[in-house]
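The values are calculated or read from the model by the stated rules, or taken from the named source; none is laboratory data. Small disclaimer: the values here were computed from a predicted structure and weren't measured. We place every Cβ from the backbone using ideal geometry, glycine too, and count neighbours over all the protein chains shown.
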Amino acid sequence: MKKLSHILGMIVILGMLLAACQPAPAPTEAPKPQAPTAAAVEPAAPEPAQPEPTEAKPAEKEFAGQTLNFLTIQPHNVAAQNLATWFEEATGAKVELIVVPYDNVIEKAVLDVTSGANEIDVIEYWYPGLGTLVENDVLENLDQWYVDNASWLKPEDFFPVYFDTFTKIGDSRYGIPYDGDMHLLWYLKPLLEKYDLQAPATWDEYLNVCKTITEGEKGEAYGCAIMGAKSPLILIGTYLNRLGSFGGSFFDAEGNPSINSPEAVAALEALVEQSKYALPTPSAVAFDEALGAWFSAKAGMVEFWTDLGGMTDDPASSKIVGEWGVVPLPKGPGEKGRVVASVNAGFGVGVSTGSQKKDLAFAFLSFIANPEVAERYNTVVGGIDPVRKSTLDNPAFIEFVGPAVAEAITAAHANAVVWPTDAKWFTLQEPLTDNLSLALSGDKTPQQALDDTQKAWEEILGK
Amino acid sequence: MNATIEKHTPKLMVLPTFLILLIISLVPLIYILSISLTNSTISKPFTDFVWFENYKKAFTDEVFGTSLVNTLVFAFSVTTIQTFFGFLLAYAMQQERKLGGVMRTLALLPLFTPPVAIAMIWRLIYDPNQGLLNYYLMKWGLVSGVIPFLGDKRLALPSIMLADIWQWTPFCFLLCLAALQSLPKDPFEAAMVDGASGWYVFKRLTLPMVAPQIIVIFLFRLLIALKVFDLVYMLTFGGPGNSTQVASFYIYRVSFKQFQTGYGGALSILVLILISVLATLLTKGRETILKRIE
Amino acid sequence: MLEAKSTNSLESAFEANEKKTLAFYLKWVFFGRPARIILLIIFLLAIILPIFYIAMTSLKEPIEIRTSGALLPRGEITTVNWVKAFANVPLLRYLLNSTVVALVSTILVLIVAVPTTYSIIRFNTGGWFFPAWILGTYVMPPIVVSIPIFAMVKMVQLQNTLAGLILVHTMANLPIAVWLIDSYIRAIPKELEQAAWIDGYSKFETLARVVVPLIRPGVLATGVITLILSWNEFLFALILTYGVKSNTFPIGISRYIGEHGLQFGEMSAAALAGIVPIYILVFLSSRNLVEGLTRGGVKG
């Protein structure tokens, strides 16, 4: 009996082991037969979301009764619900939302496809993860789709910075730009006026404004709120605002890491210096803390996305309705100093290679890409900011965000700096996040922190 | 036929559990062990066999080292504090039977609050600018400036510990209470008759008698504390710096953020070995302590 | 062990040197009634305060949550968070999902755990190794096994279903259930079972008709604890479920995040909506529960 149970046990173990190994080959094989061309051509033709408005309500809804799974991020929950409703009206298909925190979206998509679960049809992705998604064969190649749909899609209308950064890896495209968003510097007029200060144009002035207010208010308010919580999106975003304007970059022209360049170090030194006077304490300030301070008039300045104006003017959550101003991010010092708008956050949409309903998935993709649909979601509260040049000229949009913000956005696009989208970026951003956080907490000097990052990056990249 | 079934009934009874244990422990263990010898990423498991490269890398990985130290500091601190207060409260309560029923029930509440909700409560409490703690510290003039509990590298880990202590002290309290209640009455009555002081009875009777059970409580709680993940994930993400980086969270980061499942597997194995060695040592230590008490 | 040897040395009843050490203060706590009561009341308040704070937060205006850390709402009490919490997110669906997962997995755990524990204790099945293995499984951090578990759930095509989550919770909670039921079965006198065997009961019948009725309170307490562990479980639910049809409550309340920010008020309301049913359950079963925790928990 004992022997028998041993043998039985061995068999079970072996079976389980084989089973555990199973997902490895399965997903790599499954998507292959679905050649991108074949998959892309087909759905393009019966696409309901044509540019002609007359076709918006076709008599027969061709996808009636079908269901599509759309992976979206929590902050865009409302926007996605809108899309789902509109898409169902247009096509009859139901859209189920899979809502995850913004920093879990890449892992959820990768896990879904690599495990062969294949529940997700359409993916909204954070663009620095694009390379990771493509590397892991999660997104469908859209080259043919772009060729077939160019007439109504008008790709030339997309801001080039979004279009190329959000969708292109190598020479191919894997998604469409969806939410383009960059940081601007928002300031609280009464607080700056109280100390006779102007909105800063350089980082030196920024430091001065922050310091003056913080020292003057003695804890009642602070000159600036700096988001330095330990999450790549938050911390690297804040750093990039400085890195870019100081004239530094993550990689040099040859693609080698240059994160410990003199400009990069100066940028981090500036951040560490500013954080001494910022809302306590940057290391623990994420969106909620920064917004809380901003809405309650406790922060004089905050670097935030372009939709903050609309949110600030909602009296239900803000005490400073109509009291804010907005300018581009400050300029860095010296010869290399420039004005930038860093594209922190920003999302694209693509079709999952694991989708079992490619026709429907492509139809939904086309629907989101449709300029008229885009106009609808760009002009309601939902956090989706324009990715098309024409939207910024649209009176409805200017009316929605206010002329000042529209102007600032237009100006900012000329100076956009972006995150890398390389397949290795997700591995690279963790040591950078660690070291930025260590510099903020005073465990390392800026020079040391960035030298260590450079070393870690060279190791990872094998250079 | 019936006799055969009857004979093997005990084995049949454990069969489902045996299968489940295979599925949740042995299969994953073999999976992790084999993946840890490769340079796997999430979409390409079991590729690029590298022998013990990942383990070598782990031994020079500073962040991993920090995370292990933090895990141990966290686990031993919270377990000691929770067991101490748990016992103190249980002993105090045993003397106050009227409060007992209410207390016992209320003490259960933190245990049964989802960690997500607990993290949210404590985030609100610790917030420097809109949180409960700083509000009253400032209002009553106890501090001159706000205290960034989760943003200061020296305070972040203790702050997470406090949230954990809130959640788990009741657990230790209930177990200690049971230990006290299970003591035999006779020796205590004899001591009373002899006119011994309360303190003397406590020191010479109660303490030695419950000690073995207290040590078991300590060990069990320690094993759970070593797994800490939720609070770090939701409160600090390991920051500021690496001051709250703990082992579970670091493994999560390597496996699910950087997608280096091979390296993540190696780290998992090292953590498992560490916990097993620790558990064995503590069990041995417990026996020694018990002998000394006797 | 329970035999205290010091009973014999009671002659030296009073100790001479009483220094103001930790022991001094401990004495004060142990034997001074006011101190003891104060200590207990502080404990009680410490437990309740954060939960009370969450309740108050759910009644504050969103703007007030952002601006003031005061315990009580200073402005008017509002129900807007409660209304929004139920309107914006399918909270009832999450609660339903959680209930199904927790209940079914608990029943499965008990069905598996009781015979196993009985067999281990009465027939010494698996020797020393099997119980050690069970406890060892409980030591493993869930994050460590999450990838292979996900792969296995996928293999049986149960990802994104309640059934998949039920199975995983059942397996994950089994070790602790065995550990808790253990001491109940130990407490049953062997003679009762032997009498049953003589009456011609099979081992299964003995378990079902003699043992189970005797340990019912213990089984109930164990059930409540696994129920709650499953109700609170976060990591597996995060990985294994996708949409509304399978998301559980802890995943659901982490969805109350608006554009670039947490909705603390709505989250508080939602969290309370989920916690309160559990609290009621705790109050109803507290007697059994405490006994179950305590008797199962400690074995010297």
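One residue stands out in the stretch A:101-115 among those that are within 10 Å of chain B (Cβ to nearest Cβ) and outside any helix (DSSP H, G or I): the one that is farthest from the chain's Cα centre (by Cα), namely A:S115. Considering the stretch B:265-290 alone, what residues qualify as being of a type in the set (G, A, S) and within 8 Å of chain C (Cβ to nearest Cβ)? Result: B:S268, B:S276, B:A279.
A single entry from B:L33, B:L29, B:L37 fulfils the requirement of being within 25 Å of A:L111 (Cα to Cα) and under 24 Å from the mean Cα position of the chain (by Cα): B:L29.
Kindly indicate the residue of the stretch C:54-75 that is of a type in the set (S, T, N, Q) and in contact (Cβ under 8 Å) with a residue 60 or more places away in the chain and also farthest from the other protein chains (Cβ to nearest Cβ) among those meeting that condition. Working first, answer last.
Looking only at the stretch C:54-75, we keep the residues that are of a type in the set (S, T, N, Q), and these are C:57-58, C:67-68.
Within this subset, residues satisfying the condition of being in contact (Cβ under 8 Å) with a residue 60 or more places away in the chain are C:57-58.
On the way: C:T57: 6, C:S58: 11 Å.
Residue satisfying both the conditions and the ranking: C:S58.
Taking the criterion of being more than 28 Å from B:F229 (Cα to Cα) and either under 21 Å from the mean Cα position of the chain (by Cα) or touching a residue at least 60 places away in the same chain (Cβ under 8 Å) (or both), no residue of the stretch C:124-141 qualifies.
Consider B:V102 carefully, then state whether it is farther than 30 Å from B:L37 by Cα, hydrophobic (A, V, I, L, M, F, W, C) and buried (at least 24 other Cβ atoms within 10 Å of the Cβ).
Details: farther than 30 Å from B:L37 by Cα: yes; hydrophobic (A, V, I, L, M, F, W, C): yes; buried (at least 24 other Cβ atoms within 10 Å of the Cβ): no.
Here the answer is no, as B:V102 does not meet what is asked.
Here is the figure for the stretch A:415-446: residues that are away from chain B (no Cβ under 13 Å) and more than 24 Å from A:K276 (Cα to Cα) total 8.
The residues of the stretch C:34-52 that are facing another protein chain (nearest Cβ under 9 Å) and exposed (fewer than 13 other Cβ atoms within 10 Å of the Cβ) amount to a single one, C:I41.
If you go through the stretch C:109-132 and keep only what is crowded, with 18+ Cβ neighbours inside 10 Å and either at the interface with chain B (Cβ under 7 Å from one of its Cβ atoms) or more than 21 Å from C:I225 (Cβ to Cβ) (or both), you end up with C:V112, C:P115, C:T116, C:Y118, C:S119, C:I120, C:R122, C:T125, C:G126, C:F130. Inside the stretch B:166-182, residues that are more than 7 Å from every other protein chain (Cβ to nearest Cβ) and of a type in the set (A, V, I, L, M, F, W, C) make up a count of 6.
Scanning the stretch A:278-323 for residues that are facing chain B (nearest Cβ under 10 Å), of a type in the set (S, T, Y), in contact with a Leu (Cβ under 9 Å, 6 or more places away or on another chain) and free of Cβ contacts under 8 Å to residues at least 60 places away in the same chain turns up just one, A:T281. Only residues that are in contact (Cβ under 8 Å) with a residue 40 or more places away in the chain and either assigned to a helix (DSSP H, G or I) or under 26 Å from the mean Cα position of the chain (by Cα) (or both) were counted across the stretch A:442-463, and they come to 10. Entry remark, the stretch B:184-206: residues being more than 7 Å from chain C (Cβ to nearest Cβ), surrounded by 16 or more Cβ atoms within 10 Å (Cβ to Cβ) and not polar (S, T, N, Q) number 3 in total. For the stretch B:138-157, the criterion of being at the interface with chain C (Cβ under 9 Å from one of its Cβ atoms), surrounded by 17 or more Cβ atoms within 10 Å (Cβ to Cβ) and outside any helix (DSSP H, G or I) is met by none of the residues. Can you confirm whether A:G244 is modelled with pLDDT under 95 and outside any loop (DSSP other than H, G, I, E, B)? When the stated conditions are applied, A:G244 passes them. Counting just the residues of the stretch B:19-57 that are modelled with pLDDT under 85 and of a type in the set (G, A, S), which one comes out surrounded by the most Cβ atoms within 10 Å (Cβ to Cβ)? Restricting to residues being modelled with pLDDT under 85 and of a type in the set (G, A, S), the top hit is B:S40.
Can A:E407 be described as more than 23 Å from A:V339 (Cβ to Cβ), away from every other protein chain (no Cβ under 14 Å) and free of Cβ contacts under 8 Å to residues at least 40 places away in the same chain?
no
Scanning the stretch A:197-238 for residues that are under 26 Å from the mean Cα position of the chain (by Cα), within 14 Å of chain B (Cβ to nearest Cβ) and not in a strand (DSSP E or B) yields A:I226, A:M227, A:G228, A:A229, A:K230, A:S231, A:P232, A:L233, A:I234, A:L235, A:I236, A:T238.
Per the listing C:V153, C:V144, the residue uniquely over 21 Å from the mean Cα position of the chain (by Cα), at the interface with chain B (Cβ under 7 Å from one of its Cβ atoms), under 21 Å from C:I251 (Cα atoms) and not charged (D, E, K, R) is C:V144. Going through (1) at pLDDT below 85; (2) more than 20 Å from the chain's Cα centre (by Cα) one by one, A:A412 falls short only on (2). Kindly evaluate C:V100 against the criterion of being more than 23 Å from B:I32 (Cα to Cα), aliphatic (A, V, I, L, M) and modelled with pLDDT under 80. So C:V100 fails the test. Restricting attention to the stretch A:296-319, the residues that are modelled with pLDDT of 90 or more and either surrounded by fewer than 18 Cβ atoms within 10 Å (Cβ to Cβ) or at positive phi (or both) total 1. Here B:E96 qualifies as surrounded by fewer than 18 Cβ atoms within 10 Å (Cβ to Cβ) and closer than 29 Å to C:I280 by Cα. Scan the stretch A:353-382 for residues that are among the β-branched types (V, I, T) and touching a strand residue (DSSP E or B) at 6+ places or on another chain (Cβ under 7 Å) and the total you get is 2.
Count of the stretch B:219-233 residues, restricted to those that are in contact with a Gly (Cβ under 9 Å, 6 or more places away or on another chain) and more than 9 Å from every other protein chain (Cβ to nearest Cβ), is 2. Of the residues making up the stretch B:234-255, those that are within 11 Å of chain A (Cβ to nearest Cβ), without any contact (Cβ under 8 Å) to a residue 60 or more places away in the chain and not in a loop (DSSP other than H, G, I, E, B) number 3. Here B:V228 meets each of (1) under 30 Å from B:K291 (Cβ atoms); (2) outside any helix (DSSP H, G or I); (3) modelled with pLDDT of 85 or more; (4) aliphatic (A, V, I, L, M) with one exception, condition (1). Condition check for A:E375 on (1) assigned by TED's automatic domain parsing to the domain that holds A:Y174; (2) free of Cβ contacts under 8 Å to residues at least 24 places away in the same chain; (3) within 18 Å of the chain's Cα centre (by Cα): one failure, at (3).
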